[in-house]
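Each remark here refers to the structure printed beneath this line.
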Amino acid sequence: MMKVDQRCTERGYKMDVAYILDSSILLHEPDSIFEFPLAEVIIPIAVIEEIDGIKRREDEIGRNARKVSRALDVLRLDGGLAHGIVLSNGGRLRVELNHHNMESLPPFFDHAKADNRILGVALAIDRERRDANKKTVLITKDINLRIKADALGLCSADIPDEQVPVEETYTGALERIVPAEVINDFYGSGRLGLETLKNTVIHPVDGRAEALFLYPNEFVQLTDAGGDKSALCRYDAGSDALVPLRTIASDLCGIKSKNREQRYAMELLMDDGVKLVTLIGRAGTGKTLLAVAAAMQKVLEDKCYRKVVISRPVFPLGKDLGYLPGEKEEKLRPWMQPIFDNLEYIFAGRDKRDNGVNNLVRHLQEVGLLEMEALTYIRGRSLRDQLIIVDEAQNLSPHEVLTIITRVGEGSKIILTGDPYQIDNPYLDSCSNGLVHTVERFKRESIAGHVTLIKGERSELAAIAARVL
């Protein structure tokens with residue numbers, strides 16, 4: 001059952017819970033109707049009106065609105081939503097037409113605003129149920145609506161199962177202090193058993209043995225107590241041991257790693273056994289550049305994949321590409337300009353003629369080695385023997401990431417990059433976006449790997465700006 005804030009749990013409710021769903025929850029996750037087993041789910045009619053006004057949008061929000069409408073249309077055949085119907089999970093669903101107790105709201109609340117009408121319904125239901133010692137919770141992703149509900153004494157919550165605080169997100173790497181002889185043995189034998197490591201890790205304060213748990217493909221820097229020796233390792237879950245980094249080459253298409261985390265990222269990007277790579281980092285940490293460079297290396301030089309597919313969410317304007325003039329490539333160019341910038345940086349040394357890089361990129365597209373696609377058109381495809389890069393993945397919902405990853409066919413690899421602190425999607429935040437969600441859900445899988453890039457390498461100014469602004 002869903003958790004709510006501490007004040008809600010201290011009220012002493014003893015009977016079933018009623019969850020009132022806001023439109024933001026349904027538009028973010030249409031199946032949230034069915035996520036409250038054995039409880040009553042209430043949808044105010046103002047929510048239906050909001051969804052009706054959004055259903056014609058051509059983006060993911062519009063598709064979710066249509067999915068909610070279709071689901072409710074099917075459910076109403078079971079007896080009428082106004083009176084309530086029993087759901088397959090044992091819960092009960094109804095659409096609330098009454099309880100518009102706007103008088104209970106402060107006089108300065110705009111009664112024409114949908115959020116305030118929803119709040120008025122929730123307050124009236126809560127007061128009615130409170131007399132019967134029953135609990136009511138308003139479920140919304142709207143932070144301000146939760147704040148207003150709290151100010152009026154109404155319990156409110158988001159869906160916590162999706163909440164992954166970005167500060168607590170799995171980073172994919174750690175450091176441990178060990179005796180110098182352990183590092184010598186690691187270099188000598190080429191491996192270090194996890195049990196051996198557990199018995200030799202030294203706590204940096206009191207010197208006692210320190211507990212250690214590793215996820216598949218997690219990176220470890222071993223350092224001796226004096227700091228004179230160190231080793232970079234990766235945990236191989238199959239052999240239950242730390243192994244040396246496998247990538248011998250120090251550069252990808254001429255791009256060299258500038259710090260430890262970039263070195264880790266290169267290791268995952270070049271390992272064809274790791275089918276899903278997630279890279280998180282602030283602006284200027286090199287996540288997109290490394291992903292694009294690895295893709296070019298794998299397709300052009302190593303010929304491990306048939307082609308590279310690069311995509312980014314076309315989100316800031318909230319419109320499909322059809323609103324922009326020109327052919328598809330011309331429409332994509334404004335959104336793909338960061339990718340072109342990285343390709344120009346990678347290929348600048350190969351062709352110094354005016355417009356030479358653009359001609360090279362165009363040639364790669366014409367011969368089918370490089371494809372730049374909007375996420376809108378990936379839905380329904382099956383991508384085989386391809387290396388797929390999804391940049392700015394923090395603007396995707398968990399459902400959208402699921403849709404994309406399930407497009408990956410045999411022989412393909414997918415790379416998700418993004419910065420959870422820079423989100424343009426109003427229905428997502430640094431905790432609930434699809435990129436962070438994927439990192440947490442896949443950290444136990446040996447087919448996946450993750451690295452959080454920390455140090456900015458674009459320029460001194462960019463590094464300082466990312467930190468202080």
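Between residue 127 and residue 225, residue separation times 0.36 nm minus the direct Cα-Cα distance comes to 29.1 nm. Could you please state, rounded to a whole Å, how far the C-alpha centre of the range 291-309 is from the C-alpha centre of the range 391-463? Centre-to-centre (Cα) distance: 20 Å.
How much length, in nm to one decimal, is gained on full extension between residue 212 and residue 112, taken as 0.36 nm per residue of separation minus their Cα-Cα distance? Please report the intermediate quantities before stating the final value.
Working: separation 100, 0.36 × 100 = 36.00 nm, distance 5.63 nm.
Taking 0.36 nm per residue and subtracting the Cα distance, the gain is 30.4 nm.
Only helical runs count toward this figure. For the chain, summing -39,500 (n - 2.57) over DSSP H runs of n ≥ 4 and dividing by all residues gives -10000 deg cm²/dmol at 222 nm.
With charges only on Cβ, +1 for K and R and -1 for D and E, what is the dipole size of the range 258-468 about its Cα centre, in debye, rounded to 20?
Using only the charged Cβ atoms, the result is roughly 260 debye.
For the chain, a crude dipole built from +1 on the beta carbon of Lys and Arg and -1 on the beta carbon of Asp and Glu, taken about the Cα centre, is about 480 debye to the nearest 20. How large is the convex hull of the C-alpha atoms of the chain per residue, in Å³? Taking only Cα atoms, the chain has a hull volume of 201 Å³ per residue. Projected label points at residue 38 and residue 71, each 7 Å from Cα along the beta carbon direction, are separated by 2.1 nanometres. At an R0 of 60 angstrom, the distance between the Cβ atoms of residue 98 and residue 168 translates into a FRET efficiency of 0.90. Taking amide H as placed 1.01 Å from N in the peptide plane, the amide H of residue 41 sits under 5 Å from that of 19, 92, 93, 94, each at least 5 places away or on another chain. Computed from the Cβ-Cβ distance with R0 of 30 Å, the FRET efficiency linking residue 459 to residue 251 stands at 0.90. Express in whole angstrom the spacing between the alpha-carbon centres of the range 40-119 and the range 210-236. Using only Cα atoms to place each centre, the spacing works out to 52 Å. What FRET efficiency comes out for residue 306 versus residue 184 if R0 is 51 angstrom and r is the Cβ-Cβ distance? Round to the nearest 0.05. Calculated transfer efficiency: 0.70.
Each reported figure results from applying straightforward, stated rules to the coordinates on display, with no laboratory input. What you are looking at is a predicted structure, and each value in this text was computed from that prediction instead of being measured. For neighbour counting, all protein chains shown are included, and Cβ atoms are generated from backbone atoms with ideal geometry for every residue, glycine included.
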